[in-house]
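Heads up, the thing below is written out as structure tokens.
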Amino acid sequence: MLDLAVVLPCLNEGDNLRGLLPRISEALRHIPASSAVYVVDGGSSDDTVSVARELGAHVLRQRGNGYGGAIKTAFEDIEAAYLLTMDADFSHHPAFIRRLYERRNEAEIIIASRYISQGHAEMHWSRKILSAILNLAFRNVLGMKTLDLSSGFRLYHRKAVAKLNLEYETYAVLQEILVKAHCEGYHVREEPFHYLPRRHGSTHARLIKFGVAYLRALRALWLLRNSPDSADYETRAFYSWNPLLRRRHRRRYRIVMENLSDKRRVLDVGCGASQTLNAIPYSVGVDTLHPKLRFMRRPARSLVNATALTLPFPDAAFEAIIALRLLEHVPDERAALREIARCLEPGGTLLLGTERFETQRQLLAGQGFEVTGVESVLGGEVIVKARKR
């Protein structure tokens, strides 16, 4: 497998490729990695394909339409550890390839950003205003910290994009990639970049069509971004503008901290992206969902991919265990409580979040737990405090 593939979506870019491909080849010679250049042709009527082959690039025939079709074709067909996408019109400087590749270990997606500090864009005022408005709207509506959501000059780690199931054929695929990768727990970083005007030809991103396509995608991406399955759902809920959602998650947090802030050996089963992992530094997080664990990964943080039915810890390993809204999501509540009891030391504390406390009271007693308190969260949800006998 190649280390790096440079991907150029092209439609009638023959004139630009004559000057661009030699410069890309020169830039790649200074990168200590196996590499190749791929031209994804969207049905050019000029000499794009012949020029690409003459200058040593691999040519892929695009499946599907538009920019999104080119990107999906590249992601599906090219075998490389990293894929770098860039425009074929000289608006993306080839020498910058090395800078993006050198940052590959910092995140799964590295963006050449026009809007981060020290970035810049030489564009017609109308396009610059539209780009700024769309980026601001998407960033705020989708709760993304990335400043340049529409830059197509990016480095992708294959694992972050291999299974994204992309749907958009328009330029909205750029936001779709970031949202879906973020929902899978992958990280994004930005590198300051200066965007230059295209050298030959006319832009294929027509302003009105460009803006309409983005806005049509916004609602669908918002729904995906706010799904409980999104990797950072619990973190976003904790800081949400929605007062009821924020209140519920912060109430859970306060109850946990009031009871466990002095504990050191704490296990959070079904942790998700909970803020208690940040508040209790020595806690261990367990979840079945890889995306949530990826999102919460930090140096020296203990995260384990496991199920509550088979916890990979010794007997009596913890002095406190958190299990918020866990039992409703396991196939065998009794078995899960049995495992929790096994991992909790005698006299240890269990905090169990549930909406079905009355039906679970006997299960707790049957596994050797004594209920010492019940606190309301919101609606019918409570957090039960129990001591292991």
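We did not get these values from a lab; they are worked out from the coordinates using the rules stated. Quantities reported herein were computed from a predicted structural model and do not represent experimental measurements. Glycine also receives a Cβ, built like all others from the backbone with ideal geometry; neighbour counts cover every protein chain displayed.
Some observations on this one:
- Cα centroid separation, region 219-261 to region 6-68: 44 Å.
- Amide H contacts for residue 13 (H built 1.01 Å from N in the peptide plane; partners 5 or more residues away or on another chain; cut-off under 5 Å): 48.
- Selection from 17, 337, 120 lying farthest towards where the dipole of the chain points positive, charges on Cβ: 337
- Between 0 and 90 degrees, the angle of helix 357-366 with respect to the longest Cα principal axis of the chain falls at about 70 degrees.
- Spacing of the two label points (7 Å from each Cα toward its C-beta) at residue 342 and residue 251, in nm: 3.5 nm
- Cα centroid separation - region 265-304 against region 149-197, whole Å: 26 Å
- Taking amide H as placed 1.01 Å from N in the peptide plane, the amide H of residue 59 sits under 5 Å from that of 39, each at least 5 places away or on another chain.
- Placing dummy labels 7 Å off each Cα toward the beta-carbon, the span from residue 223 to residue 3 is 4.4 nm.
- Model label points for residue 378 and residue 137, set 7 angstrom from Cα along the Cα-to-Cβ axis, are 2.9 nm apart.
- Taking the DSSP bridge list for the chain and keeping only pairs wholly inside it, about 35 percent are antiparallel.
- Nearest 10 degrees, 0 to 90: helix 66-77 Cα axis against the chain principal axis: 70 degrees
- Look at the Cα gyration tensor of region 2-225: its axes a ≥ b ≥ c give a/c under 1.5, and that counts as rounded.
- Within the shell defined by Cβ-Cβ distances under 15 Å, the residues around residue 192 carry a net charge of 0, with Lys and Arg each +1 and Asp and Glu each -1.
- For the chain, the longest principal axis of the C-alpha atoms and the axis of helix 207-225 are separated by about 20°.
- Residue 374 long-range amide H proximity, modeled H, under 5 Å: 385
- Share antiparallel - DSSP beta bridges, region 253-380, percent rounded to 5: 0 percent
- Derived scalar couplings ³J(HN,Hα) [region 98-111; Karplus, 6.51 cos²θ - 1.76 cosθ + 1.60; whole Hz; x for Gly, Pro]: 4, 5, 5, 5, 5, 9, 4, 8, 8, 6, 7, 10, 10, 10
- When the chain is described by a simple charge dipole with +1 on each Lys and Arg Cβ and -1 on each Asp and Glu Cβ, the residue from 223, 242, 141 located farthest towards its positive end is 242.
- Dipole moment magnitude, nearest 20 debye, the chain about Cα centre, only Lys, Arg, Asp, Glu C-beta charged: 980 debye
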